[in-house]
Amino acid sequence: MAYFVGLDLNDQTRDHLSELQKTCGDQFPEVTWLGRDQLFAVLKFLGELDENSLKPIRKAATTLASEIAPFEISLAKSDCFPATDPPRTVWVGIQEQNDMLWRLMRGCESKLLPSVAGEQNRSTIPHIVIGRIPAKTVQGNLRKRVQGFAVEPLSARVEDLLLIESRSGKKGTEYHVSARFPFTANVWK
């Protein structure tokens with residue numbers, strides 16, 4: 001199974017992202033829009049892992065989460081991956097209110113990625129996938145439409161690092177939270 005580490009979202013954020021999806025859903029029927037329960041902030045891809053590979057990841061994630069205090073994130077701009085056409089993924093970025101997200105991203109690179117062969121060089125912009133495009137072409141200018149989304153900079157408190165399993169299902173890729181690692185550091189540390 002493939003895995004990534006990420007952050008959970010509150011209901012207000014999920015509602016807003018669902019509204020953004022509706023603004024161009026009918027115009028781009030080739031986009032598969034993710035359901036509310038499938039919306040997570042993606043921090044780092046870990047790739048394909050078996051149960052033996054997950055043990056050091058879980059241990060490292062527990063250590064990393066103990067070094068991070070709960071913090072606030074907010075929604076940022078929207079765009080598509082890859083940066084060149086054709087787009088394959090519609091996403092909304094996240095940003096931080098302090099340096100905790102930056103510290104968490106650095107911790108993922110230094111503590112989690114050394115346990116994962118081949119993924120160390122894959123950089124990730126913290127983002128929320130809201131749609132996938134399985135076809136090679138999209139009719140109309142999806143990228144321009146997505147970049148024009150009126151993304152509200154909603155804030156959300158995040159309290160856990162998530163290990164999320166990515167499974168291929170009948171309805172496309174589905175995400176399942178495999179483990180939660182609570183942020184337990186003291187803010188003043």
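What follows is calculated from the coordinates using simple rules that are stated; it is not laboratory data. Everything numeric here is computed off the predicted structure, so don't read it as measured data. Cβ coordinates were reconstructed from backbone atoms using ideal geometry, including for glycine residues, and neighbour counts include every protein chain displayed.
Tabulated data for the structure shown
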quantity: Proxy reagent accessibility, fewest Cβ within 10 Å first, across Asp26, Asp37; calculated: Asp26, Asp37
quantity: Overall form of the range 43-115 per C-alpha gyration tensor (a/c, 1.5; a/b vs b/c); calculated: oblate
quantity: Percent of Cα-Cα distances greater than 20 Å, calculated over the chain; calculated: 55 percent
quantity: Filtered trypsin sites (Lys or Arg not before Pro), the range 29-126: DSSP coil and at most 16 other beta carbons within 10 Å; calculated: Arg88, Arg122
quantity: Long-range HN-HN contacts of Leu46 with modeled amide H, under 5 Å; calculated: Tyr3, Phe4, Val5
quantity: For Ile130, residues with placed amide H under 5 Å, excluding near neighbours; calculated: Val90, Trp91, Val92
quantity: Ranked list, fewest to most other Cβ atoms within 10 Å of each Cβ, for Trp91, Trp102; calculated: Trp102, Trp91
quantity: Unsatisfied cross-links (Cα-Cα over 24 Å) in the set Lys77/Lys111; Lys22/Lys44; Lys22/Lys170; Lys44/Lys144; Lys22/Lys77; Lys22/Lys144; calculated: Lys77/Lys111; Lys22/Lys44; Lys44/Lys144
